[in-house]
1. With the structure loaded, tell me whether Tyr251 is assigned to a helix (DSSP H, G or I), in contact with a Lys or Arg (Cβ under 9 Å, 6 or more places away or on another chain) and touching a residue at least 24 places away in the same chain (Cβ under 8 Å) or whether it fails that test.
2. Six or more apart or on different chains, Cβ under 9 Å: which pairs go from a residue in region 116-128 that's under 17 Å from Phe211 (Cβ atoms) to one that's modelled with pLDDT of 90 or more and among the acidic types (Asp, Glu)? Could you list them?
3. So which residues in region 327-344 are farther than 18 Å from Tyr168 by Cβ and surrounded by fewer than 23 Cβ atoms within 10 Å (Cβ to Cβ)?
4. Do we find a residue being surrounded by fewer than 16 Cβ atoms within 10 Å (Cβ to Cβ) and not assigned by TED's automatic domain parsing to the domain that holds Arg314 anywhere in region 180-187?
5. Residues of region 120-166 being at pLDDT below 90 and loosely packed, with under 15 Cβ neighbours inside 10 Å, which ones?
6. I'm told Lys48 meets every condition in (1) touching a Ser or Thr at 6+ places or on another chain (Cβ under 7 Å); (2) free of Cβ contacts under 8 Å to residues at least 12 places away in the same chain; (3) among the charged types (D, E, K, R) except one. Can you identify the failing condition by its number?
7. Could you please give the count of residues in region 195-233 that are within 23 Å of Ala247 (Cα to Cα), touching a residue at least 12 places away in the same chain (Cβ under 8 Å) and surrounded by fewer than 20 Cβ atoms within 10 Å (Cβ to Cβ)?
8. Counting just the residues of region 136-150 that are of a type in the set (A, V, I, L, M, F, W, C) and free of Cβ contacts under 8 Å to residues at least 40 places away in the same chain, which one comes out nearest to Gly176 (Cα to Cα)?
Amino acid sequence: MLDFGVKREIFLDFSVGSKIAFYGLAAISICLFIFGIIQRIKKYRSGKDTKGISNIAVRFKDFLSLSLTNKTIIRDDLYSGISHLLIFWGFIILFAGTAIIFLNFDLLSLLNRAWNFWHGSFYLWFSLLLDLFGFAFFVGLLLMALRRAFLRPPCLDYRRVDTSPGTYSRRSYILGDWLFLGILLLIGVSGFFLEGLRIAMTRPPYSSWSFVGDSLAKLIIKMTGGKAPGVTFYKLIWWLHSLMSLAFIAYIPYSKAIHILTDPANFLLKEEVAGGVPPFAEDEVDLDKLGYMELKDFTWRELLSLDACTKCGRCHISCPAVISGSSLSPRDVILDLRDFINAKAKAFLLWDCQATSHEGEKLVGEVIKEETLWSCTTCLSCTEHCPVFVQHLPLLIKMRRHLIEGGFIDEGIQDALINISECGNSFGEP
């Protein structure tokens, strides 16, 4: 019999076998998530150690300010910034809501039924809050989808500046972006539709607190001629929503969705490099090891920073080298480095990397071309415009050092150095 009290059932008319199946799938999803996170951590641990983290209180304050306001995302692009803010807070509140349901039904209620708080005023306000932020979540995702499908700003153009069209493919990047957006949209839409079906079936007198679900319920009842939808159809949508949610949890460490974790971590742990030019590390004093040549040369913070990149393209469109038509794109440098490192670390990813193994390729000269490195003017525009504080310049400088160690110096720079040596100025004037 359906309960008309001020509460709702989580497993409405579900058998014990269905509940066991759900919790079994949830356990598998969580295990896949943990395994993926462990693989990421192993990759970071393969990098060099760095000095300790200083100014922890200041870092944490900045971390909260940047994370909760999304101000670095809003700063250069109001449309995408507001859209992301809606998605961010919608996701946070919906995640918190799921955690509260887990706490109530899977922990406290098992320990003592009297501790159940999923009823009365708490439930009503909880329902209102989840519908409000769930709707914000949906609107933000819809705006992002419209931006990619129709507005197509230059920053989302993944074409390379250093390679002719047809010699490479960025299809996996595009598929990864749409998969990420699509699965979140499907979770959001199916969640509201599920709520509408439940309200149409139970018709509780307090359904107006769930204003989105209540509106959908009225539409469903109207479309079915006043009849309540069947339990079988409700269960079908329930499983669709649940399976998509569990799939998303498992999908996070292997995809673009990892930025949910790596971006906040990069905010908190980013390296502070004065002027953007890195000093020599202790192991770079030996000229045989000057600069970056392979995976083990990167620090663990740099490896984390590469995973924080979301391919937003703001560094790309603000770079003077890109604007002038040279072979450097700071976005492509970060993506190429990430693909190279993931290939060497044998990381498993879903549509968030180029289809290349980098087998036998050298980092400097092949993965990142010499002319690309020398095209950088060290103006720091890329770093200034990056909303997640990826530091492009230190990586470019450290790879340049390897070129200098090997004697591969840009001809223009060689001429300038010779002129300074012989004439005392870079122009070669007496």
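1. no
2. Correct list of pairs: Ser127/Glu195.
3. Within region 327-344, the subset farther than 18 Å from Tyr168 by Cβ is 341, 344.
If the condition is that a residue be farther than 18 Å from Tyr168 by Cβ and surrounded by fewer than 23 Cβ atoms within 10 Å (Cβ to Cβ), then Lys344 is the only one that fits.
4. Step one: of region 180-187, the residues surrounded by fewer than 16 Cβ atoms within 10 Å (Cβ to Cβ) are 182.
From what is left, the residues that are not assigned by TED's automatic domain parsing to the domain that holds Arg314 are 182.
The answer is yes; a qualifying residue exists.
5. Result: Gly120, Ser121, Phe122, Thr163, Ser164, Pro165, Gly166.
6. (2)
7. 1
8. Looking only at region 136-150, we keep the residues that are of a type in the set (A, V, I, L, M, F, W, C), and these are 136-139, 141-146, 149-150.
Now drop any that are not free of Cβ contacts under 8 Å to residues at least 40 places away in the same chain, which leaves 146, 149-150.
Working: Leu146: 16, Ala149: 14, Phe150: 18 Å.
The extreme case among them is Ala149.
The values are calculated or read from the model by the stated rules, or taken from the named source; none is laboratory data. The shown structure was predicted, so the numbers you read here are calculated from the model rather than taken from an experiment. Positions of Cβ are backbone-derived with ideal geometry, glycine not excepted, and every protein chain shown enters the neighbour counts.
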